[in-house]
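See below for the structure under consideration.
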Amino acid sequence: MPVHTRPPEKLAKALHQVAHGLGVDRKTVHRQLPRSGATFSSVLNAIRVRLSQQHLGNQSRSLTQVAELLGFSAPSAYSRWFREEFGTSPTTWRAARRDEST
């Protein structure tokens, strides 16, 4: 699974939000992750994979909404990331899942 780089200011903002949600300092999060063999980017990417599958399975959400929920700056950025992760577009992936369930 490739790890996608984000601009440092966006990654820092995301790290701050996670740390705030956990009730700890961002330095604590940054220090603890390597001890478990992970990076913030790899954890964020893994979460995005899982949430992409979950949100795309919900046919009532648009791709724009899914992209926003996952923190992408634009639907095109989400589509590029998704294609790299899943080897297909989000639209094609969603259609295949819909066809499997019918």
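Given the Cα-Cα distance of S60 and Q17 and 0.36 nm per residue of separation, how much length would full extension add, in nm?
Taking 0.36 nm per residue and subtracting the Cα distance, the gain is 12.8 nm.
Extending 7 Å from the Cα toward the beta-carbon at both S89 and S41 defines two label points whose distance is 2.8 nm. Among P75, P90, P34, which one shows the highest mean-square fluctuation when the chain is modelled as a Gaussian network with alpha-carbon springs under 10 Å? So, out of P75, P90, P34, the one fluctuating most is P34. Using the rule -39500 (n - 2.57) for each DSSP H run of four or more residues, divided by the residues of the chain, the 222 nm mean residue ellipticity is -22500 deg cm²/dmol. Inter-label distance, R50 to E100: 1.8 nm, where each label sits 7 Å from its Cα along the C-beta direction. Share of carbon and sulfur in the accessible area of the chain stands at 54%, probe radius 1.4 Å. Taking all protein chains as shown and a probe of 1.4 angstrom, S42 keeps an accessible surface of around 40 Å².
GNM remark for the chain: springs join alpha carbons under 10 Å apart, and the peak mean-square fluctuation among L51, L70, L33 falls on L33.
The values are calculated or read from the model by the stated rules, or taken from the named source; none is laboratory data. These figures come from a predicted structure and were not determined experimentally. Every residue, glycine as well, gets a Cβ built from its backbone with ideal geometry; the counts of neighbours run over all protein chains shown. For accessibility, only protein heavy atoms count, side chains too; no ligands or nucleic acids. Shrake-Rupley method; radii C 1.70, N 1.55, O 1.52, S 1.80 Å.
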